[in-house]
Amino acid sequence: MSTPSRPQHTSTRQRGIPRRAALAAVAASVLGASATLATVAQAEPPQRSAAGQPESASAGAARHGSAFTALPGAEVFPESIAIDHATGVYYVGSVKDGTIFRGQVGSDTVSVFSKSGADGRTIANGLALDGNRLIVLSRQTGKVYAYDTRNGAHLATLDNGLGATGTFLNDISVTQDGTAYLTDSVNPWLYRMTRTASGGYRLEKFLDFTGTPLHYISAPGAAGINVNGITATPDGRHLIVAKRNENALYRITLADRSVEKVQLPAGALETPDGIFLRGRTLYAAQNTPRSVAVLHFSADYRSATAGTPLTDPSFRFPTSAAVHGNRLLVVNAQFDSKGSPAAVSGPNPPVLPFGVTTLRLH
């Protein structure tokens, strides 16, 4: 899930809005500790060193020519990434406690940009850059935060008013004109976030998918995660969204709000999460295959062909990918491990450290 700063862009029921009871079941699965978690993929046992300690993911990655940047903390469960393409500075958020980390492409260290709990923020998933502003989604809280990247100042908090059992804000993309579009994985809506004359923000429903070719379903756990990743086409005419529980992509035309399913080869996607578009090449983080799918779009973005998926031994339930220059950065959420705050889980503890994998693109 990722959206770069301008001008380059990435950051129910069968029909209609799901009942609140169904939404509560999905939210309970996502919240984790007090709920029964649906296991969609079992985490492999942590690799052990000769001393019997868990082997760092960076060791496996380094042997294969990639780089790994560790995130401090034993329960980070990072989810999304946003990169400033002018500076190479990137941001990663923790779904477990809301910490936001800041790093630099090419560096193996990160710092804390905003600590856990700041401004009431306990979840940080979808991230996007709007110039020198960082926009942060907070999943089932229904809240959206904005920060000044120059000094970390808190600029705004917005709330869709649906509470902890009625929404699941998942990903965000910022277009060339500074408009942000937000996905909700349990409500069939696309939100629009725009700046006001005073420099604040306005959050509103932009599109209801009811009656379009994109059908939401209501189900507990991961099966109820519908639209997830989102990215904008370079010409600013379309949005591409990934529907996780269908392994599909849809094209949204902003001018008339029409929705069309993208024609893909069979098996081109599997559990797509965050997506990133550079030109007509799409990179889609895939959770359970532990890979990044590479798709090449037609000129009208109505269809795409499949390239060779990208893999690395350090990939552990990838949830987001972003490109800077010839580097692909992949966030390893490890949601399929014990202690996961997401709608999936696993019996094994996460492999420490959590972190971001960097691969060189040819």
15 Å beta-carbon shell around residue 105, net charge (K/R +1, D/E -1): +2
Ranking of 337, 320 by count of other Cβ atoms within 10 Å, fewest first: 337, 320
Nitroxide proxy distance, nm - points 7 Å out along Cα→Cβ at residue 311 and residue 177: 4.4
Full-extension gain in nm, residue 159 to residue 108, via 0.36 nm per residue minus C-alpha separation: 14.9 nm
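With all pairs of different alpha carbon atoms counted, what Kirkwood hydrodynamic radius in Å does the stretch 272-362 show?
On the way: mean 1/r = 0.0731 Å⁻¹.
Roughly 13.7 Å, rounded to one decimal.
Tally Lys/Arg at +1 and Asp/Glu at -1 over every other residue whose Cβ is under 15 Å from the Cβ of residue 321; what's the total?
+1
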Residue 339 long-range amide H proximity, modeled H, under 5 Å: 346
Calculated on alpha-carbon atoms, Rg and Dmax of the stretch 237-293 in Å: 11.5, 36
All-pairs Cα distance distribution in the stretch 103-260, expressed in whole percent, bin size 10 Å: 10, 39, 35, 15, 1
Computed FRET value (nearest 0.05) for residue 151 with residue 197, which takes r as the C-beta separation and R₀ as 22 Å: 0.45
For the stretch 105-198, the fraction of alpha-carbon pairs in successive 10 Å shells from zero, as %: 15, 48, 30, 6
Residue order, fewest to most surrounding Cβ atoms within 10 angstrom, among 168, 206: 206, 168
Net charge of neighbours whose Cβ lies under 14 Å from the Cβ of residue 301, counting Lys and Arg as +1 and Asp and Glu as -1: +3
Descending semi-axes in whole angstrom, ellipsoid equivalent of the stretch 75-150, from the Cα gyration tensor: 19, 14, 10
Estimated translational D of the stretch 20-360 in µm²/s (Stokes, Kirkwood radius over Cα pairs; 37 °C; 0.692 mPa s): 166
Residue 338 versus residue 299: modelled label distance in nm, points set 7 Å from Cα along the beta carbon direction: 5.6
Of the trypsin sites (Lys or Arg not before Pro) in the stretch 258-314, those whose Cβ has at most 13 other Cβ within 10 Å and which sit in DSSP loop: 302
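Computed from the coordinates by the stated procedures, all read-outs in this text should not be read as laboratory data. Being a predicted model, the structure only gives us computed values, none of them experimental. Every residue, glycine among them, receives a Cβ derived from its backbone with ideal geometry; neighbour counts consider all protein chains shown.
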